[in-house]
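The values are calculated or read from the model by the stated rules, or taken from the named source; none is laboratory data. Keep in mind that this is a model prediction, so the values were computed, not measured. When we count neighbours, we look across all protein chains shown, and the Cβ atoms used for this are built from the backbone with ideal geometry, even at glycine.
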Amino acid sequence: MSHTAMLVSGSTTLPPSCSGHCGSCHRIGGQAVFARRPLRVQHRRGTCQTRAAGNISSNDFRPGTMIEMDGAPYRVMEHLHVKPGKGAAFVRTKLKNSITSNTIDKTFRAGETVASATVEKKDSQFTYADGTEYVFMDMNTYEETRIKRDETWAKYMKEGLQVALIVWNDKVISVDVPNQLILEVTETAPGVKGNTVSGGTKAATLETGAVIQVPLFIAQGQKIMVDTRTDAYLSKVK
């Protein structure tokens, strides 16, 4: 059985079968702005597939946005909207080719339309790493899929983590990690009691191996909330 949700800027109703991993659902559940034109998303058990996604404005780029250029899918890694004193506004981006893993810097005109990459996302679970390959199990068919390690998502993998495999043209091209994760700090410089200097940070290694910047008062063994899209510390978890 399939379900269909019509997405219109600012609101939607998602079917119970949707895990929230599809790109449009993420933008609704999070704070990203999605396309102003209606976008039809087909939901099947365990999958979310964007059909005829059309174009997206460069003004709506967010970390994780999937676009298509020169016949290849790219993920927006970083974006910065610039409005100079003279001249037209523009958007600086860092894009990652989901096939080759190469990154490029590209500048778009503000409001420029770009083709959205039509992808399918399959609910899966990370089971284990085998050398440079990571093994995931489909939560519906229990079939295993092996994917070569990519630091973009591998640094947040831990056994049992629920993720979504991104499929483009019938090929798994990447892994979609939950936007936020609670992880333990396994290594960092000693926290200084009462040290809450605004803006002061230090490096911290998390239980998955990811290294991010955290406030000076964070100590080893504490759990924190992390934004996996930007590698940013969000809060301390009690």
* Just name the residue that is surrounded by the fewest Cβ atoms within 10 Å (Cβ to Cβ) out of those in region 80-102 that are modelled with pLDDT under 90 and closer than 19 Å to V119 by Cβ. => T100
* **Given (1) polar (S, T, N, Q); (2) surrounded by fewer than 16 Cβ atoms within 10 Å (Cβ to Cβ); (3) closer than 24 Å to L95 by Cα; (4) in contact with a Gly (Cβ under 9 Å, 6 or more places away or on another chain), index of the condition N179 fails** => (2)
* Could you say whether any residue in region 76-84 is part of a loop (DSSP other than H, G, I, E, B) and in contact with a Lys or Arg (Cβ under 7 Å, 6 or more places away or on another chain)? -> no
* Somewhere in region 112-126, is a residue out of contact with any strand residue (DSSP E or B) (no Cβ under 8 Å at 6 or more places or on another chain) and either surrounded by fewer than 20 Cβ atoms within 10 Å (Cβ to Cβ) or among the charged types (D, E, K, R) (or both)? -> no
* Taking the condition in the same structural domain as Q162 (by TED's automatic domain parsing) and basic (K, R), does K148 pass? -> yes
* Could you grab me the full set of residues in region 127-152 that are touching a residue at least 40 places away in the same chain (Cβ under 8 Å) and outside any loop (DSSP other than H, G, I, E, B)? => Y134, D138, T152
* In region 128-147, the residues that are within 16 Å of K158 (Cβ to Cβ) and charged (D, E, K, R) -> D130
